[in-house]
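Below: the structure, in C-alpha cells.
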Amino acid sequence: MSNAAKDMIDPRDVPNYTLGEAAHWLGLVPNTLRVWLRGQDYPTKGGTRRAKPVVHAAGASPLGLSFWNLVECSVLFTMRKQHQVSLQKVRRALDYVARELGVKRPLIEQEFSTDGIGLFVEHYGKLIDASKLGQTAMREVLQAGLTRIERDEAGLAARLFPWRFDPHEPRLIAVDARVAFGQPVLSNTRVPVETIFDRFRAGDKIESLAADYRVDQATVEDLVRKWFGSAAA
C-alpha cells in the first residue's frame, strides 16, 4: 500500500488493539471475542458448518482490531450481556438492517441509533418470535448501550465509553482514536488508564492519584474498583 493510500485511511479504522486488550476493555472472555471476529465450526445433522464472523477485523493479529471494531463489539456486547442473543440471529438481523439502510457497517453509523434499532428489533423479533414486551426490552437496552458512543458530524462513531456492569454507569473511561494513540484514558483527561493502574500497582494512594491528575477521589476509587486487575467477564 502506498503512503498516499495509508494517509487516506481513517485513524479509527487502523488496527491498534490486540484481541486480549479489546476483550479486557469490553469486559469479554477472549474466546468469545475470537468467535465474533473469526467465526467458528458448529455441528448440524448434515455435518459440520462454519459460522461466519459477525465483526470483520481491520487487520491481522496481533494488532488486529481498530477503534471501529471496538465500537461494533461494544454494541454486540450490549446485545449479548442483557439478552442471550444467538450470533446466527444477530448476524441475520444485522444483514437485514445493512440492506435496508444501504450501509455496510451499521453498528458504527448514526442510522443504527435511529431507524436501525427499530429495524433490528423488528427483524430479530421475527427470527425468534419474540413477544412485544421482549422487543421493547431489546430496544431499551440497545438505546442505553448506544449512549456510550459519541459521534462526529458525519454520524460515525468517534468516542467510546466502555462499561463494565451497566450501560447507565458513569463514563469513567474514554477511547478516542485521536487521543493517546487510541489507548483508554480517564474521561475528560488525556491520562492513559494504564498509567493510573501502574502507579496504583506501585503503591501510590488513591488520594495522591486524584490530586496529581486533578480529578475527584471518588472517580479514581470507582475506576480502580471496577477496572483494576479485572479479568474479562
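Below, the figures for the structure above:
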read-out: Which label in (i) 18.7, 63; (ii) 17.3, 49; (iii) 20.6, 80 gives the computed Rg and Dmax of the Cα atoms in Å; value: (i)
read-out: In order through region 214-226: 3J(HN,Hα) via Karplus (6.51 cos²θ - 1.76 cosθ + 1.60), integer Hz, x for Gly, Pro; value: 6, 10, 5, 4, 4, 5, 5, 4, 5, 4, 5, 5, 7
read-out: Cleavage-rule hits (trypsin sites (Lys or Arg not before Pro)) in region 28-95: DSSP loop, at most 12 neighbouring Cβ within 10 angstrom; value: Lys45
read-out: Estimated dipole of the chain in Debye, rounded to 20 [Cβ of Lys and Arg +1, of Asp and Glu -1, Cα centre]; value: 960
read-out: Label-to-label distance, nm, for residues given as Lys205 and Asp115 (7 Å Cα→Cβ offset); value: 5.8
read-out: At R0 = 45 Å, FRET efficiency that the Cβ-Cβ distance of Glu153 and Lys226 yields, to 0.05; value: 0.90
read-out: Average Cα contact separation per residue, region 3-227, under 8 Å, 6 or more apart, as relative contact order %; value: 14
read-out: Summed side-chain charge close to Glu100 - residues other than Glu100 whose Cβ falls under 11 Å, Lys, Arg +1, Asp, Glu -1; value: -3
read-out: C-alpha long axis of helix 67-82 to longest principal axis of the chain, angle in °; value: 70
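Each reported figure results from applying straightforward, stated rules to the coordinates on display, with no laboratory input. Every value quoted in this text rests on a predicted model; they were computed, and no experiment measured them. Every residue, glycine among them, receives a Cβ derived from its backbone with ideal geometry; neighbour counts consider all protein chains shown.
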